[in-house]
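Note sheet for the following structure.
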Amino acid sequence: MNRGEWPKLVQFGLFGFLLQMGLGIGFSAGDAAFLSHVGADKLPVIFMLTPLVMLVYTGIFSVLMVRFSIDRMVTMTLLLLVAGGLLLWALLGATGGNPTLYYALKLYLAMWYIGLYSLFWNYTDTYFDIQDAKRLFPLFAAFCALGTAAGAMIVNLTAAVVPMHGFMALWAAIALASIPLARMLGRRWGQ
C-alpha cells in the first residue's frame, strides 16, 4: 500500500461491501422463496430466460453508459434498486404465493447479479489507474465477498422472524444508504 491510499481503498471497499451485502440478502431470500414456492424442478426455465434478460439489460446498460457519466449511472442504479426492492416488498407482501411473481423475482436477481458486478468494477476502474488496479482490486474483491457473506448471514440469522418480503425492503434500504457514499466518492476522488 502506498502512503495515503487507505482512505480511498476503505471508502470504495465499503461501497462494494454494501452493494454486495444487499445482493447477498436479495439472493439468499429470493432463492429460498423461489425454491419454496415454485420448486427446484422449475430452475431450467430460469436458466433459459436469464440470457434473454441479460441481453436486454446489457443493451440498455451500454446505451446509458455512453449517454451518462459513471457517477450518474451509479446513482440511477441505486435508485432503481430502491424502487425495485420496494415494489417487490409490496407485491410479495400482498400476493404471497403467486408463482409468476417468484419467476420475476428470480430473473430480477439474476439481472442484478451481473449488473451490480459490472457497475461496481466499471465505477472503481474509473477512479484507479492500471497500476493501482493490479495492487488494489483483489482487496476490493475481498470487500465484495465479505459483503455477500454478510448479506447471506443476515438472512440466515433472521429468516425465522423476518418475512421474505421484508428482505426486499432491507435491500432497498441498503441501496438507499449507499447513495450518499457513492456521491461522496465522486466528489472526493478524481477520476
Practice item. Can you give me the number of residues within segment 49-71 that are surrounded by 11 or more Cβ atoms within 10 Å (Cβ to Cβ) and charged (D, E, K, R)? Key: 1
Practice item. Specify the residue that is least open to solvent (accessible area, probe 1.4 Å); the eligible residues are those in segment 99-147 that are under 30 Å from Lys42 (Cβ atoms) and among the β-branched types (Val, Ile, Thr). Key: Ile114
Check your understanding: Only one residue in Ile46, Ile25 is over 16 Å from the mean Cα position of the chain (by Cα) and open to solvent by less than 30 Å² (accessible area, probe 1.4 Å), so which one is that?
Key -> Ile46
Point to revise | Top-ranked residue of segment 10-22 - restricted to ones that are touching a residue at least 24 places away in the same chain (Cβ under 8 Å) and surrounded by fewer than 20 Cβ atoms within 10 Å (Cβ to Cβ), ranked as farthest from Tyr117 (Cα to Cα) | key: Gln11
**Study point:** Residue that is nearest to Ala33 (Cα to Cα) [pool: residues in segment 171-191 that are touching a Ser or Thr at 6+ places or on another chain (Cβ under 9 Å) and modelled with pLDDT of 90 or more]
**Key:** Ala175
Review point. Restricting segment 72-98 to residues that are modelled with pLDDT under 90 and outside any loop (DSSP other than H, G, I, E, B), which is surrounded by the fewest Cβ atoms within 10 Å (Cβ to Cβ)?
Key: Ala94
Practice item. Scan Val155, Val162 and give me the residue that is open to solvent by 10 Å² or more (accessible area, probe 1.4 Å), outside any helix (DSSP H, G or I) and under 21 Å from Leu88 (Cα atoms). Key: Val162
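The values are calculated or read from the model by the stated rules, or taken from the named source; none is laboratory data. For clarity, every value in this text was computed on a predicted model and none was experimentally measured. Here the Cβ is made from the backbone with ideal geometry for all residues, glycine too, and neighbour counts use every protein chain on show. Accessible surface is based on the protein model in full, side chains and every heavy atom, while ligands, DNA and RNA are left aside. Shrake-Rupley method; radii C 1.70, N 1.55, O 1.52, S 1.80 Å.
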